[in-house]
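The values are calculated or read from the model by the stated rules, or taken from the named source; none is laboratory data. Remember, it's a predicted structure, so these values are computed and weren't measured experimentally. We place every Cβ from the backbone using ideal geometry, glycine too, and count neighbours over all the protein chains shown.
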Amino acid sequence: MNSLVTQRFVKCINQLKSDGVVRSMRQFAMSVDYLPQSLSEILKERRDVTIELLRKSVEAYKMNPVYIYTGKGPLFMTDEDNKNLRVLTIVTNSQDDERIVHVPGPAQTAYASELSKPSFIQDLPSFTLPDYKYKVGTHRSFDVTGDGMETTLFEGDKVICSFLEPTLWETSIKNSFVYVIVTRGDILVKRVYNYLKDEKAIELHSDNSFYEPYRLSLGDIREIWYVRAKISPFLPSPQNISNILREEMQELRKQLGNQNRMIELLNETMEKLVDKSK
């Protein structure tokens, strides 16, 4: 049986034909540079729609990606929705399955400024995870940098996130949840409070109380990613940590003892020199 995404895609095509936007399925296939025979296989529920076919269909016919992936909202976007839409660059494997693109810390400033260049995204490392929830929709992972989110997230952690469509920002951003915010010059990992409806802004909070909350206006936001999971470096067990600390303390005592003996010897030498000078 076809996936729900494919079923919604087929529903959109049937609506286009019913509305007279396309005369036939062959015309639709040709308009998005897709083999009519392959489209026929999708319509007959023998294969699933590909990411690339979805991308071309969204661009050509204003299919609503929010509806296709979630089942929410209208089948097609309005002109205003389409104007604000930015199609993400994705990376797929040989089976046309989407991979999770990772944005390491040193590349984050460039990522924020190079979003319009597909070649930059495609050159970043990518990977897959076995959980089914990472097989649907577009995901990214980002290195956590700095100490702003301690004690929840630490520098060196990686957060795995799902893309949040701009059309859903106002209604779907949940207060006090953690998101990755891509601005025009930076990537921020923060707890977010949603004031988009009334003030066209969000408020960013750090878990580290040293940092004060601040507002970010809608016009400064380029992407929002909902943090779903984190990958943290493996740490020794508490028992091993205690052993390491005990060994370090013993070494420190040993060094202090050696220094005390050296000081005592130095004092004795100085006293002998003073006695001789008399």
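Values as computed for the structure displayed
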quantity	calculated
Residue that is farthest from K72 (Cα to Cα), among those in region 130-153 that are in contact (Cβ under 8 Å) with a residue 24 or more places away in the chain and part of a helix (DSSP H, G or I)	Y134
Helices (runs of 4 or more DSSP H) wholly inside region 1-114 containing at least 2 residues that are touching a residue at least 60 places away in the same chain (Cβ under 8 Å)	4-18, 65-70, 79-84, 108-113
Selected residue [surrounded by fewer than 10 Cβ atoms within 10 Å (Cβ to Cβ) and either modelled with pLDDT of 95 or more or not assigned by TED's automatic domain parsing to the domain that holds F163 (or both)] from V180, V274, V192, V227	V274
Which listed residue is over 28 Å from the mean Cα position of the chain (by Cα) and modelled with pLDDT under 90, from R26, R46	R46
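Let's see how each residue does on (1) assigned to a strand (DSSP E or B); (2) touching a residue at least 60 places away in the same chain (Cβ under 8 Å); (3) farther than 22 Å from K133 by Cα:
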| position | (1), (2), (3) |
| --- | --- |
| E155 | no, no, yes |
| T167 | no, yes, no |
| T171 | no, no, no |
| N175 | no, no, yes |
| V180 | yes, no, no |
| V192 | yes, no, yes |
| N208 | no, yes, yes |
